[in-house]
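The structure under discussion appears below in the form of structure tokens.
The values are calculated or read from the model by the stated rules, or taken from the named source; none is laboratory data. No experiment lies behind these values; they were computed from the predicted model shown. Here the Cβ positions follow ideal geometry from the backbone for every residue, glycine too, while neighbour counts run over all protein chains shown.
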């Protein structure tokens, strides 16, 4: 169904690192300088697409304040795409004025979650998305569809309904689409059912609330998905959905893909350095299993 994403080779995945945004949004605010330290560590690990900021109300999400200051300090590097998340046209205007390469527009397959997250109906959010696509020019605009695998407010959402909202996003002008498991309700069965309705030329944004994120990613990879959002350390969660916990950890996905012989372009050792840094910055251990246990050792027999 969704054909906007470029096809990748069968042995490669694209990772969009969302740690500096989704990973930090429920943490105590860090200084701009510390946020840049983390971003630089992620770049050093080989990550090429990084969601660095969100242009949202600092009253609603204090840890995402000073987005313009962060963007101004981002290193100018060939081959690295800087992304900012926005909920509406005002946020998009700020992100584009700041000079970002791409923006993620968040809306939801769940009416209840959409009202709480961005204070608009789904219809209004799609109208905003259309406006944003019109003003974006050459910038990449990705629609991120929250609650694609279930909502804390409506429960299960039929895959056909998710696909219908997804199509409306693409018809509104989005460059690409990511399906988000905002509160970690997805299971392999649910992943397969939704992808059967939407097609696999989509990204996935998975949360590990119920311990299924890595399994869901593997299921999606086998189905043909090649684009994944992850957060260093497995940090993150939604301030607008009670009980939502961290993202699929970047190091956990990279570790799995390396063992499968799938290219990620990420240096796992340097990524673990970034994971240790973010644990130091937030002041507590990170949820990532690989960060805790380390990579599997190839001990001689």
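Checking each residue in segment 1-55 for being closer than 20 Å to residue 96 by Cβ and modelled with pLDDT under 95 picks out only 4. Looking across 217, 180, one residue alone is modelled with pLDDT of 95 or more, surrounded by 22 or more Cβ atoms within 10 Å (Cβ to Cβ) and in a helix (DSSP H, G or I). It is 217.
Residues in segment 257-271 that are touching a helix residue (DSSP H, G or I) at 6+ places or on another chain (Cβ under 6 Å) and not in a loop (DSSP other than H, G, I, E, B): 268, 270, 271. The condition of being in contact (Cβ under 8 Å) with a residue 40 or more places away in the chain, exposed (fewer than 15 other Cβ atoms within 10 Å of the Cβ) and at negative phi holds for only one of 96, 135, that being 135. Out of 237, 150, 203, one residue alone is crowded, with 19+ Cβ neighbours inside 10 Å, modelled with pLDDT under 95 and within 30 Å of residue 45 (Cα to Cα). It is 237. Could you tell me whether any residue of segment 266-284 is at pLDDT below 95, over 18 Å from residue 35 (Cβ atoms) and surrounded by fewer than 20 Cβ atoms within 10 Å (Cβ to Cβ)? The answer is no, given that none of the residues of segment 266-284 is at pLDDT below 95, over 18 Å from residue 35 (Cβ atoms) and surrounded by fewer than 20 Cβ atoms within 10 Å (Cβ to Cβ). Among the residues of this structure, residue 200 counts as one that is assigned to a loop (DSSP other than H, G, I, E, B), more than 25 Å from residue 82 (Cβ to Cβ), touching a helix residue (DSSP H, G or I) at 6+ places or on another chain (Cβ under 8 Å) and in contact (Cβ under 8 Å) with a residue 24 or more places away in the chain. Scanning segment 54-69 for residues that are under 18 Å from the mean Cα position of the chain (by Cα) and either free of Cβ contacts under 8 Å to residues at least 40 places away in the same chain or assigned to a helix (DSSP H, G or I) (or both), we see that the one that is surrounded by the fewest Cβ atoms within 10 Å (Cβ to Cβ) is 63. Kindly indicate whether any position in segment 274-287 is touching a strand residue (DSSP E or B) at 6+ places or on another chain (Cβ under 7 Å), within 23 Å of residue 237 (Cα to Cα) and not in a loop (DSSP other than H, G, I, E, B). No, the conditions are met nowhere in segment 274-287. Checked against (1) farther than 24 Å from residue 176 by Cβ; (2) in a helix (DSSP H, G or I); (3) over 19 Å from the mean Cα position of the chain (by Cα), residue 29 passes all but a single condition, namely (2).
Within segment 155-177, being loosely packed, with under 15 Cβ neighbours inside 10 Å and part of a loop (DSSP other than H, G, I, E, B) holds for 156, 158.
Within this structure, residue 195 fails the test of being under 30 Å from residue 138 (Cα atoms) and either out of contact with any helix residue (DSSP H, G or I) (no Cβ under 6 Å at 6 or more places or on another chain) or assigned to a strand (DSSP E or B) (or both).
Of the set (1) farther than 19 Å from residue 112 by Cβ; (2) modelled with pLDDT of 95 or more; (3) out of contact with any helix residue (DSSP H, G or I) (no Cβ under 8 Å at 6 or more places or on another chain), all apply to residue 172 but (3). Scanning segment 117-143 for residues that are in contact with a helix residue (DSSP H, G or I) (Cβ under 9 Å, 6 or more places away or on another chain) and assigned to a strand (DSSP E or B), which turns out farthest from residue 195 (Cα to Cα)? So, considering only residues that are in contact with a helix residue (DSSP H, G or I) (Cβ under 9 Å, 6 or more places away or on another chain) and assigned to a strand (DSSP E or B), the one farthest from residue 195 (Cα to Cα) is 141. Screening segment 101-116 for residues that are free of Cβ contacts under 8 Å to residues at least 40 places away in the same chain and not in a helix (DSSP H, G or I) and picking the one that is surrounded by the most Cβ atoms within 10 Å (Cβ to Cβ) gives 103.
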